[in-house]
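Novice: Take a look at the following structure, please.
Quick note: the coordinates plus some simple rules give every number you see, no bench work behind them. As the structure is a prediction and not an experimental result, all values here were calculated from the model. Glycine gets a Cβ as well: all are built from the backbone with ideal geometry, and neighbour counts include every protein chain shown.
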Amino acid sequence: MISGCMQRVLAPLQQAAVALDIDGVLVKGKRALEEGGRALRMLGGHNRLRRRIPFVLLTNGGGVSEAEKAADVSRLLGVQIAADQIVLAHSPMRALAAEYAHKHVLVVGGEQSRCAHIARGYGLANVSTPNDVVAWRPSAWPFMPPPAAEQLSAPAVRNYASDPFHAVMVFHDSFDFGRDLQIATDVLRSRDATLGAELVNRQSVPLFMSNEDLIFSNDYARPRFGQGAYHVCLRAMWAALTAGAPLEYTLFGKPHAVQYRYAERLLDRLVLAAEPDADIARLHARRRIYAVGDNPAADIAGANAAGWTSVLVRTGIFSGAADANDPVHPAHHVADHVEDAVAWIVDSELARMEAPPP
Ligand SMILES: [Mg+2]
């Protein structure tokens, strides 16, 4: 009995945590869903627990820094979000700096040279983009005007014939599939990972890609191609060019475990920031992490595999009937929208606190 009471007053803050997807859950394209701000305010303490529930935003979006994404979502939803509450598809790629801090890397995807700047922010100091390569040799991709200086990742044009690459990293959606297929396969097939060298039917350097979502939901009537569509094209081009040579790559982003472990570390840090003496081992033993998402193949599959409690909402990719769940990746709970999802999470936590201790 005493331990039951103790648990009630001890640490409801520590016992639940939430990871919310952004697109199709809190926002649609550039438009906030009205339930999104209310859901975040509930997590901020306006709930029946009368406690803050630590949360992160776990998205397969990217192409911006965590700080830019936090500012963007804060403005859209009218709720203050910190950069250390954001997990983008490419956020765990920070860890690649341990190996590639000073090695030359081709960074693919995103608008202009934004992803090169993000990579540098992660500690990858020596990066180039496909646009940089086209500036060096416009005939490398003749179907565009040579890029202007402000479209390049660095002021000086390098000599890619003598400066080998050590990896290809796809950070975000390609803004020019043709150019990015050409330059990435050029690097991957080069005998010595320089450009213009002999092309061979084996992979020259490792390939890392941040988000395999084939489609995503924005404010258009139907889902749009995601970065996964570029992966499909890259694998197909690689197979056609190399007579089916194997192509190895490492994936980041949901539903991969690396994303969930990264989010768990951020959630630990949020708890420690609020309660510096918190017992993290005890927290891990008691904590239930809820994931709210709209994409069964990414959000729900990944959360279920991570041992989290998954909540599927109907405001994005999934739009099943009121009593339906996804048949392939069923969620623990299905809610109409994110506000209902968070209300269900609060109710679940109240029930858990009132249950007799195991
Ligand atoms: Mg989504």
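Novice: Give a quick list of GluC sites (Glu not before Pro) in region 29-136 that DSSP marks as loop, anything other than H, G, I, E or B, with at most 12 other Cβ atoms within 10 Å.
Specialist: Sparse-neighbourhood loop GluC sites (Glu not before Pro): GLU111.
Novice: Under a 10 Å cutoff between Cα atoms, tell me which one of PRO206, PRO54, PRO276 has the largest fluctuation in the Gaussian network model of the chain.
Specialist: Fluctuation is largest for PRO276.
Novice: Under 13 Å from the Cα of LYS103, which aspartates and glutamates turn up, not counting those fewer than eight places away in the same chain?
Specialist: List returned: ASP163.
Novice: For a quick protection proxy, order the peptides 227-239, 15-27, 168-180, 317-329 by their average other-Cβ count within 10 Å, most packed first.
Specialist: Put in order of decreasing packing, that is 15-27, 168-180, 227-239, 317-329.
Novice: Taking the Kirkwood radius as the inverse of the mean 1/r across Cα pairs, report the Rg/Rh of the chain.
Specialist: Dividing the radius of gyration by the Kirkwood radius yields 1.03.
Novice: Next question. Take the alpha carbon atoms of region 176-229, find their center, do the same for region 100-170, and report the distance between the two centers in whole angstrom.
Specialist: Going from one Cα centre to the other spans 14 Å.
Novice: Which residue, ARG282, ARG314, ARG50, has the most motion in a Gaussian network model of the chain that connects Cα atoms within less than 10 Å?
Specialist: Top of the fluctuation ranking is ARG282.
Novice: By a straight-distance test (C-alpha under 16 Å), which aspartates and glutamates pair with LYS30 as possible cross-link partners, with residues fewer than eight away in the same chain excluded?
Specialist: Within the straight-line cut-off, LYS30 pairs with ASP21, GLU68, ASP72, ASP219.
Novice: Would you be so kind as to identify which of GLY178, PRO356, ILE22 lies farthest towards the positive end of the dipole of the chain, taking Lys and Arg as +1 and Asp and Glu as -1 on Cβ and the Cα centre as origin?
Specialist: Selected residue: PRO356.
Novice: Using Cα centres only, tell me the gap between region 318-358 and region 23-64 in whole Å.
Specialist: Taking the Cα centre of each part, region 318-358 and region 23-64 sit 16 Å apart.
Novice: So, by mean Cβ neighbours within 10 angstrom, what's the order for 154-167, 257-270 with the highest one leading?
Specialist: 257-270, 154-167
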